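Worksheet: the structure to be examined is printed underneath.
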Amino acid sequence: MLRRFVTLFAGLGGMGLSLALLVRAQLGLDPWDVLNQGVARHMGIQLGWAVDIIGAVVLLAWIPLRQRPGVGTLFNVVVVGLIVNWVLDVTPSFHALPARVAVLGAAIVLNAVSTGCYIGAGLGPGPRDGLMTGFAAHGHSIRVARTIIEVSVLILGYFLGGSVGVGTVAYAICIGPLVHVFLPRLSLPAPVPRTRADKGATCNS
């Protein structure tokens with residue numbers, strides 16, 4: 001269990017860092033953060049607070065889908081936004097195009113690694129991941145569900161003033177294959193349930 005929590009928080013910390021780096025690259029954000037940034041600008045709050053608020057709202061959408069959050073899901077709603085705010089407070093903006101491209105690439109890879117960590121920890125998916133798997137559990141293709149949801153939040157975020165650019169396209173193209181590579185490698189094995197015989201042997205010893 002300790003290893004699962006370490007993996008979970010490594011993933012959540014890396015996710016917050018990757019989102020902040022996407023902002024600093026200034027080449028366009030991933031679809032959900034286009035929405036987060038648009039909401040943050042309209043509400044006059046830091047980006048991380050918008051990440052947490054929208055995560056909590058999305059979590060409420062699990063109720064009609066009969067999805068159950070895990071402890072990792074709840075930490076996700078809180079921790080990622082706090083990390084985003086902290087990193088944005090301590091990191092400068094990048095101005096040279098080569099540096100921005102490098103930061104963008106690093107952010108996308110880190111995002112995929114972090115996704116593999118927090119999902120692979122087995123303590124509950126993130127709010128947005130659970131929304132897509134919830135639709136899939138009701139007979140919809142997860143690919144179709146993800147596409148519809150992310151296109152919808154991208155369009156809404158764009159009209160709210162979120163940053164869309166070449167980085168948005170790069171993220172959309174790269175994130176799926178990268179998560180496909182990292183998730184199996186970072187997933188922890190499911191715990192083996194103890195049988196009554198095991199419990200009896202423990203008590204007798």
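The values are calculated or read from the model by the stated rules, or taken from the named source; none is laboratory data. Keep in mind it's a predicted model, so treat the numbers as computed, not measured. Ideal geometry is used to build each Cβ from the backbone, glycine not excepted, and the neighbour counts take in all protein chains shown.
Here's a check for you: in region 21-42, which residue that is of a type in the set (A, V, I, L, M) and touching a Phe, Trp or Tyr at 6+ places or on another chain (Cβ under 8 Å) is nearest to residue 117 (Cα to Cα)?
Once the filter is applied, the top-ranked residue is 22.
Being surrounded by 15 or more Cβ atoms within 10 Å (Cβ to Cβ), over 15 Å from the mean Cα position of the chain (by Cα) and among the basic types (Lys, Arg) narrows it down to one residue among 24, 68, 3; which is it?
24
Can you tell me which residues in region 49-67 are modelled with pLDDT under 95 and either at positive phi or small (Gly, Ala, Ser) (or both)?
Of everything in region 49-67, those that are modelled with pLDDT under 95 and either at positive phi or small (Gly, Ala, Ser) (or both) turn out to be 55, 56, 61, 66.
Does region 84-97 include one or more residues that are buried (at least 22 other Cβ atoms within 10 Å of the Cβ) and not basic (Lys, Arg)?
yes
What is the number of the single condition among (1) surrounded by fewer than 21 Cβ atoms within 10 Å (Cβ to Cβ); (2) part of a helix (DSSP H, G or I) that residue 81 does not meet?
(1)
Condition (residue is surrounded by 14 or more Cβ atoms within 10 Å (Cβ to Cβ) and either more than 17 Å from the chain's Cα centre (by Cα) or at pLDDT 85 or above (or both)) applied to region 183-196: is it met by at least one residue?
Looking through region 183-196, at least one residue is surrounded by 14 or more Cβ atoms within 10 Å (Cβ to Cβ) and either more than 17 Å from the chain's Cα centre (by Cα) or at pLDDT 85 or above (or both).
For region 27-55, give me the residue count where each residue is of a type in the set (A, V, I, L, M, F, W, C), over 18 Å from residue 72 (Cα atoms) and surrounded by 20 or more Cβ atoms within 10 Å (Cβ to Cβ).
So the count comes out to 9.
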